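A quick write-up on the structure given underneath.
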Amino acid sequence: YVLDVMELPDPVLPQLPALLGPDVPAAGVLVVGNKVDLLPADCRGHLGRLRQRVAAACARAGLRGAALVDIRLVSAKTGFGMEGLVSRLQRSWKCAGDVYLLGATNSGKSTLFNTLLRSDYCKSRAPDIIDRATVSPWPGTTLNLLKFPIINPTCDRIFRRQERLKEEATKTEDQLSIEEKKHLNQLKKQGYLVGRVGRTFQQQKSSSEIDFDPDMLSYSVDEDPRDSPKKHEEREEFTHNEVKDARWCFDTPGIVKEDCVLNLLTEKEVKLVLPSHAIVPRTFILKPGMVLFLAALGRIDYLEGEKPAWFSVLASNLLPVHVTTLSNADAVYEKHTAQEFLKVPMGGEERMKEFPPLVPQDITLKGIGTTEAVADIKLSSAGWVAVTAHAEEELLLRAYTPKGTALVVREPPLLPYISSIRGARIPGTPAYRTKKPPSFVENLRTTGSR
């Protein structure tokens, strides 16, 4: 089961036992927390804390004991944790049965399928034969069951794979090929956590001969060379022996989340809302009587409190954040909704005729200290705001999301120390300069280390 760690509490996870039926304890579920590359590390050990949060969500959903095989944190996009996931899959189920990738829409199932397709989990010839899953932010793009054959992890194959992983772990970035470096640098720009996914068992390709038609090379100076009609390339197929006893890994259509703001948006708007690169946290210090807008998809009013509090926004870097006063907030929303200033939704007055209004929910929080957030206010799937306040300070907030979408107060917060990831205060504003933590590459030695 693939879940987006940013979506905790995962809306589909509680439905999973009923969805899978009574055979779950016999087969087991391996839960994969995806998209960890998008979240900045707020302190040491943040991945262990994230894993605990996923484990707690699984326990609340009734997934525990024999039914829960393991919990792995990965990035299907940047490859972080993927080699470990492949090893765990091979240890857990070997080649005993078929494996199905399940999850909500936009959890990254199809990206995970494509990464596994290029890994040691898949038979070596399969990537040349199997269609890759379509990766799209639009729900329902996986319309049928794509599948690839699982490689049988024999003792010899496991040994050779472990030898490859040991050898690769001794490399530094300087020892990589130019192409590998280029690919790695691209991934580091997109995510905080990066990993390299390789293949131990490569399909040996026969050396191709140069194919030409000598008659086509003979033409007079008055004639133009003509392109020869391309021969029809026959698609490769599996042989009967390759698949007669095969076990398969299936990608399944995503389960649509209810009460989700993405269901209200156009494809262009969804691309702005769903983070595609590592999130850069944006922190603001607000006094009572101030309001924070996340595009036109969420609003938080700081109504009552004795002291200023810190509000750290974790959302797509493409979504604007604006701070104003309570007296001006309604006018700002009326004037700028569906315009460039608030960006999403987009399309002017006509778009807003069909878009639901923002509805409020009052929230009371008590601060636990200036270095640790007390809670996240999760504005459906648009992102969330971590609230940090002085110890024992009581805050009255009013949060808004579009009608029909879920607003969740997440306690404890996902990244409790996120307000510390900031630069200096910008003079004359409630904002702090943004600060992007460095990327970390898994299974690669730091240059110069021994």
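The values are calculated or read from the model by the stated rules, or taken from the named source; none is laboratory data. Just so it is clear, the model here is predicted, and its values are computed rather than measured. Here the Cβ is made from the backbone with ideal geometry for all residues, glycine too, and neighbour counts use every protein chain on show. Note: accessible area is taken over every heavy atom of the protein model, side chains too, but ligands, DNA and RNA are not part of it. Shrake-Rupley method; radii C 1.70, N 1.55, O 1.52, S 1.80 Å.
Below is a table of values for the structure above.
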read-out	value
Contour excess over end-to-end distance, with Cα ends at Trp248 and Ala331 and 0.36 nm allotted per residue	24.2 nm
Lys/Arg +1, Asp/Glu -1 at C-beta; the chain dipole; positive extreme among Thr105, Ala76, Val54	Val54
Relative contact order of region 280-433, pairs being alpha-carbon contacts under 8 Å that are 6 or more residues apart, as %	28 percent
Under DSSP loop assignment and at most 16 Cβ neighbours within 10 Å, longest GluC sites (Glu not before Pro)-free interval of the chain	1-208
Within the chain, longest stretch clear of exposed chymotrypsin sites (Phe, Trp or Tyr not before Pro) (DSSP loop, no more than 11 other Cβ within 10 Å)	220-450
Antiparallel DSSP beta bridges within region 253-367, as percent of all bridges there, nearest 5	95 percent
Gain upon complete extension [Ile426, Arg164; 0.36 nm per residue less C-alpha separation]	89.4 nm
Nitroxide proxy distance, nm - points 7 Å out along Cα→Cβ at Arg445 and Thr324	5.7 nm
Angle in degrees between helix 82-93 and the longest Cα principal axis of the chain, rounded to the nearest 10	70 degrees
Separation of the Glu267 and Gln15 label points, Cα + 7 Å toward Cβ, nm	2.4 nm
Helix 326-336 axis, angle to the chain major axis (alpha carbon atoms, nearest 10°)	40 degrees
Percent accessible area from carbon and sulfur atoms, the chain, protein chains only, probe 1.4 Å	51 percent
Net charge dipole size for the chain [Lys, Arg +1 and Asp, Glu -1 on Cβ; Debye, nearest 20]	1660 debye
Difference of contour (0.36 nm per residue) and Cα-Cα distance, Lys353 to Arg91	88.9 nm
Convex hull volume of region 250-339 per residue (C-alpha atoms, cubic angstrom)	134 Å³
Angle between the chain longest axis and helix 155-169 axis [Cα atoms, degrees, rounded to 10]	60 degrees
Mean residue ellipticity (222 nm) of the chain, computed from DSSP H runs ≥ 4 via -39,500 (n - 2.57), nearest 500	-6500 deg cm²/dmol
Region 280-433, dipole about Cα centre (Lys/Arg Cβ +1, Asp/Glu Cβ -1), debye to the nearest 20	440 debye
Rounded to 5, the percent of DSSP beta bridges in the chain classed as antiparallel	75 percent
Whole-number accessible area per residue in Å² for the chain, which is evaluated in the context of all protein chains at 1.4 Å	51 Å²
Where Rh is the Kirkwood radius over Cα pairs, Rg/Rh for region 280-433	0.95
Long-range amide H partners of Val2 with built H, under 5 Å	Val32, Leu102, Gly103
Cα Rg over Rh - the chain, Kirkwood	1.04
